[in-house]
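Here the structure comes first, spelled out in structure tokens, and everything after it is commentary.
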Amino acid sequence: MPATTTDAVLGTTIAFSFILLGNAITQSYMSVPALLLDFPPPTSPSQPAAARHLGRQWPIFWRLGNVFFRPISTLGIFGYAYASWMAAVRGYGRGADWRWYALSSVCHLVTVVHSAVNMQPINAKLEGLRFAKVKEKDVDDGVGDGVGVDVDVRRAEEYARRWARLNVVRMVMPLVAGSVALWQSMREHVR
């Protein structure tokens, strides 16, 4: 394939990295804190209702991530792998070091695996909050049954804050991937 095709793939993939970075920043530092604004403490009688409300709001985050951002992350893996292959085998970029693009590809792979292994279980708990049933006060253990996963409505805020903390990985990896690939591609074109 001509260099212009590789440039287009690489440019698109770099853009995907920074789109993912912006999304992760927005979710962790704007959206989750907005959802938790005035969230009642676990001892409050209004807390179970607030937890169920959070559970009803959460699928919007989850669906958008699965439908839009998961494919972008996956395409990032392949886009950077392609650029790495072109640099190693085809000499793309006048002596570009293929390992930098490989590093960017691995960063996206880490993002996808981290999302599946660490984030999806928390997503399930957060969504499960909407189905949680709290028992009578005298026997309330706070544990409800939500979408095949046991959720503790008293831990609703903790689940969301943990999700936001773990989402930092989904900030750092695209930042590293996009920055390294952008630096490498700029370096190539300046020579």
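For residues that are of a type in the set (V, I, T) and touching a residue at least 40 places away in the same chain (Cβ under 8 Å), tally how many sit in region 102-131.
So the first thing to find is which residues in region 102-131 are of a type in the set (V, I, T), and the list is 106, 110-113, 117, 122.
Adding the requirement that they be touching a residue at least 40 places away in the same chain (Cβ under 8 Å) leaves 110-112, 122.
Qualifying residue count for the region: 4.
Across region 128-151, what is the number of residues that are modelled with pLDDT of 90 or more and not hydrophobic (A, V, I, L, M, F, W, C)?
Looking only at that region, the number is 2.
Can you tell me which of (1) assigned to a helix (DSSP H, G or I); (2) more than 25 Å from L109 (Cα to Cα) is the one T43 doesn't meet?
(1)
Consider R52 carefully, then state whether it is out of contact with any Gly (no Cβ under 7 Å at 6 or more places or on another chain), in contact (Cβ under 8 Å) with a residue 40 or more places away in the chain and either among the basic types (K, R) or loosely packed, with under 13 Cβ neighbours inside 10 Å (or both). Lay out the reasoning, then the answer.
Values: out of contact with any Gly (no Cβ under 7 Å at 6 or more places or on another chain): yes; in contact (Cβ under 8 Å) with a residue 40 or more places away in the chain: yes; either among the basic types (K, R) or loosely packed, with under 13 Cβ neighbours inside 10 Å (or both): yes.
So R52 fits the description; yes.
Write out, first by first residue and then by second, each pair whose Cβ atoms fall under 8 Å of each other, whose residues are 6+ apart or on separate chains, and whose first residue, in region 72-101, is within 18 Å of R187 (Cβ to Cβ) while the second is among the basic types (K, R) and part of a helix (DSSP H, G or I).
Listed by first residue and then by second, the contacts come to S84/R99; A96/R187.
Determine which member of the set V172, V106 is farther than 19 Å from G65 by Cβ and either assigned to a helix (DSSP H, G or I) or modelled with pLDDT of 95 or more (or both). Before you say what the answer is, go through the steps one by one.
Values: V172 fails: farther than 19 Å from G65 by Cβ.
Going through V172, V106 in turn, the sole match is V106.
Within region 73-85, does at least one residue satisfy the condition of being among the small types (G, A, S), modelled with pLDDT under 95, assigned to a helix (DSSP H, G or I) and under 14 Å from the mean Cα position of the chain (by Cα)? Before the answer, list the steps.
Step one: filter region 73-85 for residues among the small types (G, A, S), giving 73, 76, 79, 81, 83-84.
Still in the running and modelled with pLDDT under 95: 73, 83-84.
Of the ones still in play, those that are also assigned to a helix (DSSP H, G or I) are 73, 83-84.
Now narrow it down to the ones that are under 14 Å from the mean Cα position of the chain (by Cα): 73.
For region 73-85, residues among the small types (G, A, S), modelled with pLDDT under 95, assigned to a helix (DSSP H, G or I) and under 14 Å from the mean Cα position of the chain (by Cα): present.
The values are calculated or read from the model by the stated rules, or taken from the named source; none is laboratory data. Since this is a predicted model, take the numbers as computed values, not measurements. All Cβ positions, even for glycine, are placed from backbone atoms using ideal geometry, and neighbour counts span all protein chains on display.
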